[in-house]
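Asks: The structure is given below, and queries will be raised subsequently.
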Amino acid sequence: MSKLNEDTRPLGSPKSWAATYGTHLAGQAAIDGADHMAITMEQKWGAGRLRLLVPVELRERFDKQRFRFNSAIWHGDLQELQTEAQRMITAWMALDRAAVAAGASELDPLVWEVAMQDGTVVALVRCPEDVSIVTQGRRMAVYTLDEIAVMLGNYREVVKVKDTFPGATVEAIRRTINDPLDGFRDGRRLDDTLNDEIPQIGA
């Protein structure tokens, strides 16, 4: 009689926070709390911007905490996940306090930002004159309401123009600072050896 193969999926361990319905709900509640804080901070400061407004030492600690939180989601038990989720909330609050103390400007209410799955930030503004108030420094695409109207009326052509001609009316601006966690697909601990190919800076 053959033995059943061990479940090697990241969440397949019997000790995983997602092992039962009850622990899954408890773990998801912790994740949702951390995600809600992240959304709140992005609405206040802009998508992907807050970590760039604080000193490098704090930014490093924040990124390491994001790493631990992501690791707990994929490999942790319920207690570890709940602990790291709460620490993630604390980390967001620390960045917020540091940015306020430094006198950083919050996201202008005339600019609406949303982060796409590939890390691109989409900024929506009313008119071309408002483009100047968009905070740059990230991989970003800026759209005016008139451009949104064109997209709704003729979606394929506008997207093709945007991809082909970065200087066209529909403006595409590349981000100069990449997210350092983008290259980490399945990290477990901060002291693990980085065996994956290291992405080139600015690529």
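Asks: With respect to Arg97, determine if the residue is exposed (fewer than 14 other Cβ atoms within 10 Å of the Cβ) and not β-branched (Val, Ile, Thr).
Replies: The answer is yes for Arg97.
Asks: Within 26 Å of Thr23 (Cβ to Cβ), crowded, with 19+ Cβ neighbours inside 10 Å and small (Gly, Ala, Ser) - does that describe any residue in region 47-63?
Replies: Scanning region 47-63 turns up no residue that is within 26 Å of Thr23 (Cβ to Cβ), crowded, with 19+ Cβ neighbours inside 10 Å and small (Gly, Ala, Ser).
Asks: Kindly establish whether Trp74 is buried (at least 19 other Cβ atoms within 10 Å of the Cβ) and either outside any loop (DSSP other than H, G, I, E, B) or of a type outside the set (Gly, Ala, Ser) (or both).
Replies: Considered against the rule, which asks whether it is buried (at least 19 other Cβ atoms within 10 Å of the Cβ) and either outside any loop (DSSP other than H, G, I, E, B) or of a type outside the set (Gly, Ala, Ser) (or both), Trp74 comes out as no.
Asks: Identify, from the list Lys44, Lys64, the residue that is closer than 30 Å to Cys127 by Cα and touching a residue at least 40 places away in the same chain (Cβ under 8 Å).
Replies: Lys44
Asks: Six or more apart or on different chains, Cβ atoms under 6 Å: show the pairs whose first residue is in region 11-24 and surrounded by fewer than 16 Cβ atoms within 10 Å (Cβ to Cβ) and whose second is modelled with pLDDT of 90 or more and charged (D, E, K, R).
Replies: Lys15/Asp77
Asks: Given the condition touching a strand residue (DSSP E or B) at 6+ places or on another chain (Cβ under 9 Å) and either at pLDDT below 95 or not aromatic (Phe, Trp, Tyr) (or both), answer yes or no: does some residue in region 49-63 qualify?
Replies: Yes, that holds for at least one residue.
Asks: Among the residues of region 77-93, how many are out of contact with any helix residue (DSSP H, G or I) (no Cβ under 7 Å at 6 or more places or on another chain), in contact (Cβ under 8 Å) with a residue 40 or more places away in the chain and assigned to a helix (DSSP H, G or I)?
Replies: 2
The values are calculated or read from the model by the stated rules, or taken from the named source; none is laboratory data. Since we're looking at a predicted model, the values are computed, not measured. Counting neighbours? That spans all protein chains shown, and the Cβs are built from the backbone with ideal geometry, glycine included.
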